[in-house]
Structure formats: C-alpha cells, structure tokens
Amino acid sequence: MQKMTCDERAQIALDYFSRGFSCAQSVFTAFHQEIGLNETEALKLSCSLGGGVGGLREICGAFTGMSMALGALKGYSDPEDRAAKERQYALIQQKAEHFRNSFGTVICRDLLLQNGITPSPVPAVRTEAYYKERPCARYVEACARYAQEALDS
C-alpha cells in the first residue's frame, strides 16, 4: 500500500463527510485499509460516535474517530505493557492539546455553540445549508491530518 500524504488523507475523510457520514465515521474510515477493515466494517464500528457520541454532544466525533484509528494503528494490546499504554495516552493527549489550540475545545456542543449552532441530539439532515453552516468539516480535516502525522512520525 502506497504511503499517503496528510492532504490525501484529509481529502478522503472530507469525501466521506460530504457523502453524509458522521464526523467519527469519516475520520476512522479514512484509515480502514491500513487498519485491516473493509469500508462497511469501519463505518459500522464508528457509527455510534458521531454527534459527540450518539448525539450526546460530548467529545467531538472527529476526535474520537481519530483516536480509534490511532489506537488501531499504534495502540497496545497487552494490559501489562504500561509503557505502551502511557505512550498511547500521551499521543492522544498531545492531539487533544493541538485540537484545543486550534479550535478551543474538544467538546462537540461547545464547538457548535461557538459557531452559533444550537446543539441537538437528533442528527441533522445533510443539505447544502448544513454543510455551509456546520464547522465540522474543519474538524474532520484536522483530525485526519493529526492521525496521518502521528503515523508518519
């Protein structure tokens, strides 16, 4: 498999998002081949994380999709490997700090509110107006880039 640039990875995630998939699905599924999942598996695995986890408007879905991808690709599986766990947590904390520095918070409801959007637990219908109003594409793009950068380092 050919190595992908951050721009290419971000575009794949944005393409998923523009097709109507959630922010979490868009970022996670952009890495499905490297993870070893088919597209449908990746979309289903990440579908409950959109809207700040099931529309609860908690942690940003793009951020959780990125965290899942990094866990699948750089994570640990031995509960006794404390060093690996610490490295993984440090990686996600670093990405959270970068996200906060760029966007102010990793909380979905706050991201929406700071853009003048009233959070709702009901998934919004994807229309042209939705894509113009919502800031989420920026988060999808950023998180796909953050994950690709981590894989490249």
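The values are calculated or read from the model by the stated rules, or taken from the named source; none is laboratory data. Worth saying up front: this structure is predicted, and the values here are computed from it rather than measured. Virtual Cβ from ideal backbone geometry, glycine too; neighbours counted across all protein chains shown. These area figures cover heavy atoms from the full protein model, side chains too; ligands, DNA and RNA do not enter into them. Shrake-Rupley method; radii C 1.70, N 1.55, O 1.52, S 1.80 Å.
Can you name every residue in the stretch 9-38 that is within 13 Å of A69 (Cβ to Cβ) and not in a helix (DSSP H, G or I)?
Of everything in the stretch 9-38, those that are within 13 Å of A69 (Cβ to Cβ) and not in a helix (DSSP H, G or I) turn out to be A30, F31, G36, L37.
If you scan the stretch 13-47, which residues turn out to be crowded, with 18+ Cβ neighbours inside 10 Å, closer than 18 Å to P123 by Cβ and among the small types (G, A, S)?
S22, A24, S26, S46
Would you say L73 is more than 11 Å from the chain's Cα centre (by Cα) and under 30 Å from P119 (Cα atoms)? First the steps, then the outcome.
Working: more than 11 Å from the chain's Cα centre (by Cα): yes; under 30 Å from P119 (Cα atoms): no.
When the stated conditions are applied, L73 does not pass them.
Taking the stretch 48-74, which residues are hydroxyl-bearing (S, T, Y) and either open to solvent by less than 40 Å² (accessible area, probe 1.4 Å) or in contact with a Ser or Thr (Cβ under 6 Å, 6 or more places away or on another chain) (or both)? Walk me through it before giving the result.
Of all residues in the stretch 48-74, those hydroxyl-bearing (S, T, Y) come to 48, 64, 67.
Residues satisfying the conditions are T64, S67.
Could you tell me which residue of the stretch 76-124 is most open to solvent (accessible area, probe 1.4 Å), considering only residues that are free of Cβ contacts under 8 Å to residues at least 60 places away in the same chain, in contact with a Leu (Cβ under 9 Å, 6 or more places away or on another chain) and farther than 17 Å from R138 by Cβ?
Per the stated criteria, the residue is T118.
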